[in-house]
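Visitor: There's a structure below that I have some questions on.
The values are calculated or read from the model by the stated rules, or taken from the named source; none is laboratory data. All figures in this text were calculated on a predicted structure; none of them were measured in a lab. All Cβ positions, even for glycine, are placed from backbone atoms using ideal geometry, and neighbour counts span all protein chains on display.
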């Protein structure tokens with residue numbers, strides 16, 4: 001028995017039907033598109049984590065009151 005009562009032969013038949021319906025070129029393109037989407041998602045998550053850690057470092061600096069800044073400039 002395979003996954004949830006599906007045997008390996010049934011999975012192979014489903015795979016063969018999918019290949020016949022879409023073709024190998026289209027499936028290859030779909031796979032590469034999916035891979036690039038996952039890669040972009042991972043890099044954006046890493047960028048987000050880096051921004052959060054940089055934001056935590058910036059909070060250590062003393063805050064400048066914007067109202068006081070504009071009064072001194074006038």
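Visitor: If residue 61 meets every condition in (1) at pLDDT below 85; (2) surrounded by 10 or more Cβ atoms within 10 Å (Cβ to Cβ) apart from one, which number is that one?
Guide: (2)
Visitor: Which residues, taken from segment 2-37, are over 29 Å from the mean Cα position of the chain (by Cα), on the phi < 0 side of the Ramachandran plot and outside any helix (DSSP H, G or I)?
Guide: Across segment 2-37, the qualifying residues are 2, 6, 7.
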